[in-house]
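Working notes, beginning with the structure itself.
The values are calculated or read from the model by the stated rules, or taken from the named source; none is laboratory data. Because the structure is predicted, anything quoted here is derived from the model rather than measured. Cβ coordinates were reconstructed from backbone atoms using ideal geometry, including for glycine residues, and neighbour counts include every protein chain displayed. Heads up: the accessible areas ignore ligands, DNA and RNA and are worked out on the full protein's heavy atoms, side chains in. Shrake-Rupley method; radii C 1.70, N 1.55, O 1.52, S 1.80 Å.
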Amino acid sequence: MSSTKTPTSGESRPRKLEQSNPDYDPNIVVEAQNLTKIYRDFWGRQKVRALRSLDLEIRKGEVFGLLGPNGSGKSTTIKLLLGLLFPSSGRALMFGKDATEVRKNERIGYLPEESYLYRFLTAEETLDFYGRLFDMPAKLRKERAAELIEKVGLTWAKRRQLREYSKGMVRRIGLAQALINDPDLILLDEPTSGLDPLGTREMKDMILELKAQGKTILMCSHLLADVQDVCDRIAILYQGELKELGRVDDLLKVGEETQVRFKGIPESAHAEIRQVIQKHGGEVLSLENPRTNLEDLFLSIVRESQQRPGHRSEGARKSG
Amino acid sequence: MVVENFENFFAWLPSALYVFGLLGVAGIVLGVFFGYLVAAFRHGPFEAFYVVAQVVGGFFPDVFGTSPRRVFAIAKLSVKEALRRKVVLVTFAVFAIALLFGGWFMNAGVDNPDRNYVNFVLWGTQLLILFMGMLISAFSLPDDIKNRTIYTVVTKPVRATEIVFGRILGFVGLGTVLLALMGLLSFLFVWRGLSHNHQLVGNQDLSAFSEIDPNTRQSLSGGRVSENAILEGRTNIASGHLHSVELIEDTRLPGAPEPENKENIVSSKVLPDGKTVYQRVIVNPASGHTHEVTLDKDSAGNVSRINLGPATGYFRARVPAYANSLVFFDSDGSPNQRGIDVGREWSYRGYVDGGNAIRPNSLAKAELVFDNITPDRFENPDLLILEMTLSVFRTYKGDIEKRVIGSLQFESVPADPNTEPVFRSEVSLFETEEYNVQTIPVPRKLTGKMINPDGTIQREGDFDLFKDFAKDGLHRLKMIIRCEDRNQYLGLARADVYFRATDDLYWWNFVKGYLGIWAQLLVVVSMGVALSTFLSAPVAVIGTIVLILVGFTTTFIRQLAQPDASGGGPIESFWRLITQKNMEVDLEPGLQRTLMEQADTLLVNLLNSLTYIAPDFRRMNFSSFLTYGYSVDSSRLGVALLISIGFCLGLTILGYFCLKTREIAK
């Protein structure tokens, strides 16, 4: 990822933003305090309680995942944090500032659930437009757009209108627009939705790369495997309520079981191993060759096919 | 041409700023009040104070944080979006098709066909461009919200001011380009539609001309000819009309300048008394234009061919030097602002009477006072052109062929009438030409008297119009118009009588006419964008249409809301209707009447206030100026532009607050 700093993500404006709130802790990037959203009809009658008293803190440099089934309040939370919705009660703070404050957006990148982009623009025009919205000078916009288009692998299609793009391509350019200002905080709403396994892997790699650069990432998804792969901490929402919050490793750790993986021992040693476990009072739940997951198999086949076009891949033969 | 309001930019500006300020204060009060109500409904009465203060307090930082780059980015995007919608293309195509086939329905043979042409293109352009502006502006933001593309915009550091103003700028920019193209096409259409050539009937030389009956001074076909005509011919019919062509004798006094156009002089000779007689071929005007004549001559100096050039006189931008004031005097000589009411419903013109059998010497007159009558304003200061469109009201038919006679007199307006003499010209009579613009040449040298303050005559003779009559600081000149036919009336309004100053450039006047349409476009687009910040697209379109209708009928609504309207306001009128009391009957005093009057006052004031939600579109519409060939004065243009910019500003602020307080993702 580029380390180019845009003027908007520079030091002066954010510092002003931070200085304006004396309680601001620079290590807390996102904060929800008793955040509640109730949708009402025209007459003010309650229709849906989309979010109930959410308390949340996201720290600098972490990848945070919001999990939950459809309608659990994930997207509502993100929209409240972005100021696209106003809270019914409670507060949403970004960099210590109220979510409705426009200047906070200078340090934010947002990839919506579906890439809501102007389909009549080309990739270059799209990034140029969003660059202008960050008040970036022309030279910087051009450099940054070229860099990001290359990064998301769309150089070959940069002059095509987005209406001609596949869903995956639109998603990529959507990510590029979210990164145009080199943001400190990136909000990703269902980042892997609509992507093929290759695209999903690339998206996850990119999230990890951004994390390595010190960016804070807030993503929401209902694809649990994706969240598990990249998130440091997660919050699980259900029907607008926070049900679980913590580090992924801690939450997924099964304390009662032990997993041992060996390499290079013969099949005959299995019985001996079982005996040792039973001797110590343990119970063998499974002893077998590990299986790769479908995602890894698919990726290895694709990569091999790219390297050796026209040949059937080794991976496919093994599995077949 | 009817002119009901004479704009004076600098006189208008203070009152306009006052009204604009009042509107601003009213808008702020109402906005804060409704904002508080909504916030109290959402958050409770106490937190509502904080919410309102936060929104209002954010206005100035947002305005000062507005970035031109972001505004232009949104403007550019709006242009692309509007082009993609194809509304612009369809508008242009409809206009082009209308022009292609419009020519079939234009009759060039009528009087002043240029009026039909110009009127057609101006109304067509105005209608289409305003309709297009309304559609693209009202649909843009709601579509962005519906498609959620706005999510990726408002999550950038973009102020609501930038979104609203950027969209207005983009749509107006696009409309400007379209308007310029339509203007250019219109100009070509009018020019091409009116250009035509004639040829003489018969030989193309003087042998095609016929004698004039010396007794009747009529042509052999019985038509009227000029006083000084000696031969007469006619052209073929082209564009539905023909012209009579005359050989005239133009006699000039010794020392007088030669005719400006020498191309049409057949011969000239000097008479024994020193006068010079030029024999010239002229084409008499028809259908509001004439043609230049050039003569080919052989080596002996005889005319071998008469050539008629292209039409001239269509493309005019007359600059009228209107009177600053018009005062009527009735038959007793007492001043009267409105003149005599002859019973016509349209009270635009006032009338002066020509006396009657009982009082043959009526003192009725109309006095017009002109300011700034200086030589530099006129193309030919030696011979001013006075143009008049007088109305005649006859109390008896008489000889219908005989025109009603009026008279003109000029007078100086001394700064101090007690010490300075007054110059008064002799009375000159004229025949009124009803329904036409009548042209009367006024020579610089006026014969008259110089009268002392005590009424004695200091000197008689010729005086200079500029140096003697209009000499004081304001260069003021008084003109007196009387009706000289008994029992007949002459009617006039302030705009009916004017001196014709040097013409404006026609193309520039055309541009000014289109600037008027541009001002209307700016207001319509601002309305569309502002309403679309809180309404759905179809509702925003309906809202914009309502505002446009209010704008076009502002004058009518304000007249309706006049406190002195006969029959009272709506409730009293309804009461009279159901109780069958006519408008003049006084209602019985009492509680009922008081209640009705109070309610009417409230309703009428409300109605009057409502007219301020939209600008008076008629003040931005210069169609009649271009149609009738008058220049749009800079005051009028300045007023129109400032009104439109003021409304654009107000609507931008309204749009800002609506967008800022709107939950985009709801």
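Numerical summary
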| item | result |
| --- | --- |
| Positions within segment A:70-114 being in a loop (DSSP other than H, G, I, E, B), touching a residue at least 24 places away in the same chain (Cβ under 8 Å) and within 8 Å of chain B (Cβ to nearest Cβ), in sequence order | A:L85, A:S88, A:P112, A:E114 |
| Tally of residues being touching a strand residue (DSSP E or B) at 6+ places or on another chain (Cβ under 8 Å), open to solvent by 40 Å² or more (accessible area, probe 1.4 Å) and either assigned to a loop (DSSP other than H, G, I, E, B) or not assigned by TED's automatic domain parsing to the domain that holds B:D496 (or both) across segment B:331-366 | 6 |
| Of the criteria (1) in contact (Cβ under 8 Å) with a residue 12 or more places away in the chain; (2) in contact with a strand residue (DSSP E or B) (Cβ under 7 Å, 6 or more places away or on another chain); (3) within 30 Å of A:G44 (Cα to Cα), which one B:G109 fails | (3) |
| Residue within segment B:17-29 that is surrounded by fewer than 17 Cβ atoms within 10 Å (Cβ to Cβ) and within 13 Å of chain A (Cβ to nearest Cβ) present | no |
| Residues of segment A:231-256 classified as outside any helix (DSSP H, G or I) and at pLDDT below 80, total | 4 |
| Meets criteria (open to solvent by 80 Å² or more (accessible area, probe 1.4 Å) and more than 12 Å from chain A (Cβ to nearest Cβ)) for B:F34 | yes |
| Qualifying positions in segment A:165-183 - under 16 Å from the mean Cα position of the chain (by Cα) and either of a type in the set (A, V, I, L, M, F, W, C) or more than 11 Å from chain B (Cβ to nearest Cβ) (or both) | A:G168, A:R171, A:R172, A:I173, A:L175, A:A176, A:A178, A:L179, A:D182 |
| Some residue of segment B:641-656 being out of contact with any strand residue (DSSP E or B) (no Cβ under 7 Å at 6 or more places or on another chain), open to solvent by less than 60 Å² (accessible area, probe 1.4 Å) and of a type in the set (F, W, Y) | yes |
| Residue under evaluation B:V51, criteria (1) more than 8 Å from chain A (Cβ to nearest Cβ); (2) buried (at least 17 other Cβ atoms within 10 Å of the Cβ); (3) modelled with pLDDT of 90 or more, criterion not met | (3) |
| Condition check for B:R69: at pLDDT 90 or above, within 13 Å of chain A (Cβ to nearest Cβ) and over 20 Å from B:A530 (Cα atoms) | yes |
| Which listed residue is open to solvent by less than 30 Å² (accessible area, probe 1.4 Å) and more than 25 Å from B:R338 (Cα to Cα), from B:A495, B:A501 | B:A501 |
| The lone exception for B:M132 - which of (1) crowded, with 24+ Cβ neighbours inside 10 Å; (2) more than 14 Å from chain A (Cβ to nearest Cβ); (3) in contact (Cβ under 8 Å) with a residue 60 or more places away in the chain it fails | (3) |
| Flag for A:E209 being at pLDDT 90 or above and either polar (S, T, N, Q) or within 26 Å of A:D249 (Cβ to Cβ) (or both) | yes |
| Residue check, B:Y278 touching a strand residue (DSSP E or B) at 6+ places or on another chain (Cβ under 7 Å), assigned to a loop (DSSP other than H, G, I, E, B) and open to solvent by less than 30 Å² (accessible area, probe 1.4 Å) | no |
| Candidates B:D464, B:D468, B:D454, filtered to the one that is out of contact with any strand residue (DSSP E or B) (no Cβ under 9 Å at 6 or more places or on another chain) and either over 19 Å from B:L383 (Cβ atoms) or not assigned by TED's automatic domain parsing to the domain that holds B:N112 (or both) | B:D454 |
| Condition met for A:K204 (closer than 19 Å to B:T149 by Cβ and away from chain B (no Cβ under 13 Å)) | no |
| Matching residues in segment B:59-92 - criterion: being over 25 Å from A:R119 (Cα atoms) and assigned to a helix (DSSP H, G or I) | B:F59, B:F60, B:P61, B:D62, B:V63, B:F64 |
| Among (1) within 13 Å of chain A (Cβ to nearest Cβ); (2) surrounded by 13 or more Cβ atoms within 10 Å (Cβ to Cβ) - the single one B:G57 does not satisfy | (2) |
| Pick from segment B:391-421, criterion farther than 25 Å from B:K445 by Cα and among the aliphatic types (A, V, I, L, M), ranking: surrounded by the most Cβ atoms within 10 Å (Cβ to Cβ) | B:V404 |
| Residue within segment B:151-167 that is open to solvent by less than 20 Å² (accessible area, probe 1.4 Å), assigned to a helix (DSSP H, G or I) and more than 12 Å from chain A (Cβ to nearest Cβ) present | yes |
| Segment A:136-170 - residue that is basic (K, R) and touching a residue at least 60 places away in the same chain (Cβ under 8 Å) and, of those, nearest to A:P197 (Cα to Cα) | A:K151 |
| So B:E379, is it within 30 Å of B:F463 (Cα to Cα) and open to solvent by 60 Å² or more (accessible area, probe 1.4 Å) | yes |
| Criterion: open to solvent by 40 Å² or more (accessible area, probe 1.4 Å) and in contact with a Leu (Cβ under 8 Å, 6 or more places away or on another chain) - qualifying residue of B:S239, B:S267 | B:S239 |
| Matching residues, segment B:437-470, being assigned to a loop (DSSP other than H, G, I, E, B) and surrounded by 12 or more Cβ atoms within 10 Å (Cβ to Cβ) | B:V437, B:R444, B:N452, B:P453, B:A470 |
| Residues of segment A:198-238 satisfying the condition of being open to solvent by 10 Å² or more (accessible area, probe 1.4 Å) and basic (K, R) | A:R201, A:K211, A:K215, A:R233 |
| Residue among B:G528, B:G551, B:G567 that is small (G, A, S), open to solvent by less than 100 Å² (accessible area, probe 1.4 Å) and not in a helix (DSSP H, G or I) | B:G567 |
| Subset of segment A:115-145 (residues that are at the interface with chain B (Cβ under 10 Å from one of its Cβ atoms), of a type in the set (A, V, I, L, M, F, W, C) and assigned to a helix (DSSP H, G or I)) | A:F129, A:L133, A:A138 |
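Quick grid of which residues meet (1) more than 26 Å from B:G202 (Cβ to Cβ); (2) part of a strand (DSSP E or B); (3) not acidic (D, E):
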| site | (1), (2), (3) |
| --- | --- |
| B:T251 | yes, yes, yes |
| B:G301 | no, no, yes |
| B:R305 | no, yes, yes |
| B:P310 | no, yes, yes |
